[in-house]
Amino acid sequence: MKQLQGRDILGIADLSSEELHSLLKFAQQLKKGAVKPKCDRVLGLLFYKASTRTRVSFSVAMYHLGGQVIDLNPKVTQVGRGEPIEDTARILDRYLDILAIRTFAQKDLETFAEYADIPIINALSDLEHPCQILADLLTMQECFGSLAGKTLTYVGDGNNVAHSLLLGGALAGVNVRVATPESYQPDSAIVEKAKQLATQGSEIVITDDPIAAVTGAQVVYTDVWASMGQEDSAATRIPLFQPYQVNDELMSHADSDAIVLHCLPAHRGEEITDSIMEGKQSRVWDQAENRLHAQKALLACLLGY
Ligand code: CP
Ligand code: NVA
């Protein structure tokens, strides 16, 4: 089909009858896998919420693996106009090899997974942020040489990141303590699941006492007090969450060589002080870099490389 190279196809009749038949034949061969283009793996990114790290690290990871990326921005695709997930999922399944979705409801991810056979990756939902936790655990492993028996204390809002830390920590043998104001504790079903997953003996603790929680911890972790979609309640949260700020005073109760992690973006002066973000215990930049490496591994495994 060399003769089509560089041509405009603005209407079907821009093709001759012969070219049309040849094109259909070629499409059939591609579908059967009889012809394999060099880079034939495509990742779709369907993000209903803002993202810098996840979007860029997934894209770069896929490029490093020799694949391609399509940004399915909901503002310019039919999903943003209400096309049902059941329909969208079945269509995207026919085009893409893998799809990373950032959305609100976990149920929506489940519906995508039910209706599409390609791997669906949660790139953050209101319930979980699993890719973040892969990078967090990788960072801990680099810093301490191993994970089992280490204690990670999360202080702040019992949100998606806290949920995935509870579950991921339990799976990795990490003790996870979560300190939040009483009415902002993590989902009880997630806490229960984490306890069930803690078969390597990791301890799961939920408390409202930030000082007790960080005492003896090797990792102190925080995240924004109001997540994406909760902006309206941000102002009312600030005074309630003040005792959970990661600052010099709170860090004085952790292990002297404890590291500080934050999934970012951070609100300096709220959940974390500038001096801690920029201080010698902070590993937030390595942690952010590890998003790339962890997700590259995930993509490669899911794609069967
Ligand atoms: N930590 C994280 O997921 O960052 P982004 O929102 O920038 O992707
Ligand atoms: N809990 C935050 C994480 C951002 C990466 C949010 O959901 O907005």
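Considering only the stretch 105-136, state which residues are within 19 Å of the chain's Cα centre (by Cα) and away from ligand 2 (no atom under 16 Å from the Cβ).
107, 110, 111, 112, 113, 118, 119, 120
Based on what the data block shows, is residue 183 closer than 25 Å to residue 293 by Cβ, in a helix (DSSP H, G or I), of a type in the set (Ser, Thr, Tyr) and at pLDDT 95 or above?
No, not satisfied.
In the stretch 93-126, which residues are over 23 Å from residue 31 (Cβ atoms), in contact (Cβ under 8 Å) with a residue 24 or more places away in the chain and of a type in the set (Asp, Glu)?
The answer is 114, 126.
Residues that are within 16 Å of ligand 1 (Cβ to nearest atom) and under 21 Å from residue 175 (Cβ atoms): which helices (runs of 4 or more DSSP H) entirely in the stretch 213-305 hold 1 or more of them?
284-302
Taking the stretch 209-233, which residues are within 18 Å of residue 268 (Cα to Cα) and surrounded by 15 or more Cβ atoms within 10 Å (Cβ to Cβ)?
Within the stretch 209-233, 220, 221, 222, 223, 224, 225, 226, 227, 228 meet the criteria.
Hey, can you tell me all the residues within the stretch 127-158 that are away from ligand 1 (no atom under 12 Å from the Cβ), closer than 16 Å to residue 226 by Cβ and in a loop (DSSP other than H, G, I, E, B)?
Passing the criteria: 156, 157, 158.
Hey, any hits in the stretch 97-109 for a residue that's aromatic (Phe, Trp, Tyr), over 30 Å from residue 251 (Cβ atoms) and at pLDDT 95 or above?
Scanning the stretch 97-109 turns up at least one residue that is aromatic (Phe, Trp, Tyr), over 30 Å from residue 251 (Cβ atoms) and at pLDDT 95 or above.
Does residue 63 satisfy the criteria of being within 17 Å of residue 42 (Cα to Cα), of a type in the set (Ser, Thr, Tyr), without any contact (Cβ under 8 Å) to a residue 12 or more places away in the chain and touching a strand residue (DSSP E or B) at 6+ places or on another chain (Cβ under 9 Å)?
Yes, satisfied.
Say we look at the stretch 49-82 and pick out the residues that are within 14 Å of residue 101 (Cα to Cα) and among the aliphatic types (A, V, I, L, M); which of these is nearest to ligand 2 (Cβ to nearest atom)?
50
Which of the residues spanning the stretch 269-298 are within 17 Å of residue 246 (Cα to Cα) and small (Gly, Ala, Ser)?
Answer for the stretch 269-298, where residues must be within 17 Å of residue 246 (Cα to Cα) and small (Gly, Ala, Ser): 269, 275, 279, 282.
Restrict the check to the stretch 83-99 and report whether at least one residue is within 16 Å of ligand 2 (Cβ to nearest atom) and either under 23 Å from residue 197 (Cβ atoms) or β-branched (Val, Ile, Thr) (or both).
Among the residues of the stretch 83-99, not one is within 16 Å of ligand 2 (Cβ to nearest atom) and either under 23 Å from residue 197 (Cβ atoms) or β-branched (Val, Ile, Thr) (or both), which makes the answer no.
The values are calculated or read from the model by the stated rules, or taken from the named source; none is laboratory data. Model, not experiment: these values are computed from the prediction. When we count neighbours, we look across all protein chains shown, and the Cβ atoms used for this are built from the backbone with ideal geometry, even at glycine.
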